[in-house]
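The values are calculated or read from the model by the stated rules, or taken from the named source; none is laboratory data. Every value quoted in this text rests on a predicted model; they were computed, and no experiment measured them. Neighbour counts run over all protein chains shown; Cβ positions are idealised from the backbone, glycine included.
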Amino acid sequence: MMKFSTTILFILFTVFYHAQTLYSKAYGNPNNPPVIFIHGGPSGNATLFEGTTASKLAEKGFYIIVYDRRGEGRSKDENATMTFKESFEDLNQIYADYKLKKANIIAHSFGGIIGTLFTDHFPKKVSSLTLAGALFTQQETYDHILKQAKEYFKNDPARLKEISEVEQLAKNSAAYRKRCYEIAGAMNFFKMPSPTPESEELRKNYEAGEFYTNNIRNPNSPAKFYQNEPLNNLDNTKVLKEIKKKGIPIFAIYGKNDGIFSEKQLNDLKNIVGKNNFRLIDNCSHYLFVDQQDEFLQFIKLTLK
């Protein structure tokens with residue numbers, strides 16, 4: 001009897017502890033179609049989407065749920081492992097907390113890897129998967145960044161030496177990923193080419209508010225992920241095709257100026273999800289829900305309704 005009680009107590013403590021450490025918030029009417037947003041990373045959070053877009057998407061007739069993965073952002077947990085298994089546990093906890101049987105998933109950046117794998121593992125829980133500026137063939141992205149960098153910095157010996165050094169790193173390492181994205185940042189691959197008054201206002205309001213204050217980054221997340229997760233450099237092409245075979249709609253929306261994706265990658269993805277389920281937005285980079293928010297909202301409303 002004592003053993004049974006101890007076991008129950010441990011389970012209750014575990015659930016309580018997890019619920020306390022996982023940040024989440026819902027926007028909109030619970031009777032509307034549920035949408036879960038999965039943020040990027042490792043070392044990301046949902047503050048930019050939450051602070052600029054969540055409530056506006058809820059106004060379009062959706063029940064929007066945002067959360068920060070365990071050990072990232074506002075979900076502080078020093079014991080987090082950053083593995084896909086843990087990410088699945090977090091997502092399943094969100095389903096349980098909000099009493100969801102099925103939900104639409106919008107996955108951004110690295111969140112696209114998590115959203116794709118979760119949909120493949122738990123197809124009955126996913127009504128649709130939307131890849132929003134999401135990673136799907138990681139090595140192709142890194143190769144594309146370095147190839148573009150060689151041309152961009154062709155007259156800069158120091159940069160060319162740096163690129164050569166990056167190419168020598170282990171491709172399944174946090175250092176390789178970090179330095180590829182640093183080079184992409186140096187080429188302005190994550191910046192909107194011609195900021196509009198609307199996008200500038202969104203960023204200004206975000207940076208002046210509480211969400212930016214809570215834009216917490218865990219610098220240990222990438223190292224932990226690469227240390228604990230063997231599946232750390234994935235090509236999810238086959239997985240996406242399998243999801244489609246299961247009858248789950250896949251939508252994809254990307255910025256035309258998101259420099260981390262090659263034209264070939266985007267065409268390959270369009271062929272997988274279908275022309276009508278794919279949207280490429282002009283004057284738009286990686287953070288498309290801020291760069292071109294109206295087009296992003298319109299696409300989501302059109303596809304998920």
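Key figures for this structure:
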| item | result |
| --- | --- |
| Single residue of K244, K270, K224, K238 found to be touching a residue at least 40 places away in the same chain (Cβ under 8 Å), of a type outside the set (F, W, Y), assigned to a helix (DSSP H, G or I) and at negative phi | K224 |
| Qualifying residue in segment 251-261 (condition: surrounded by fewer than 18 Cβ atoms within 10 Å (Cβ to Cβ) and touching a helix residue (DSSP H, G or I) at 6+ places or on another chain (Cβ under 7 Å)) | no |
| Number of the condition not met by L160 [criteria: (1) touching a helix residue (DSSP H, G or I) at 6+ places or on another chain (Cβ under 8 Å); (2) buried (at least 16 other Cβ atoms within 10 Å of the Cβ)] | (2) |
| Conditions (1) part of a helix (DSSP H, G or I); (2) crowded, with 16+ Cβ neighbours inside 10 Å; (3) in contact (Cβ under 8 Å) with a residue 40 or more places away in the chain; (4) not basic (K, R); number of the one not met by I183 | (3) |
| Test result for T81, more than 15 Å from I64 (Cα to Cα) and in a loop (DSSP other than H, G, I, E, B) | yes |
| Some residue of segment 110-123 being modelled with pLDDT of 95 or more, more than 30 Å from N267 (Cβ to Cβ) and surrounded by fewer than 19 Cβ atoms within 10 Å (Cβ to Cβ) | no |
| Which numbered condition A223 fails, given (1) more than 19 Å from the chain's Cα centre (by Cα); (2) buried (at least 16 other Cβ atoms within 10 Å of the Cβ); (3) small (G, A, S) | (1) |
| Set L160, L169, L146, L135: member being of a type outside the set (K, R) and within 10 Å of the chain's Cα centre (by Cα) | L135 |
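Each row is one residue, and each column tells you yes or no for (1) over 20 Å from E229 (Cβ atoms); (2) in contact with a Leu (Cβ under 8 Å, 6 or more places away or on another chain).
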site: T116; (1), (2): no, yes
site: D120; (1), (2): no, no
site: G133; (1), (2): yes, yes
site: Y142; (1), (2): no, no
site: A149; (1), (2): yes, no
site: F153; (1), (2): yes, yes
site: K171; (1), (2): no, no
site: A175; (1), (2): no, yes
site: N188; (1), (2): yes, no
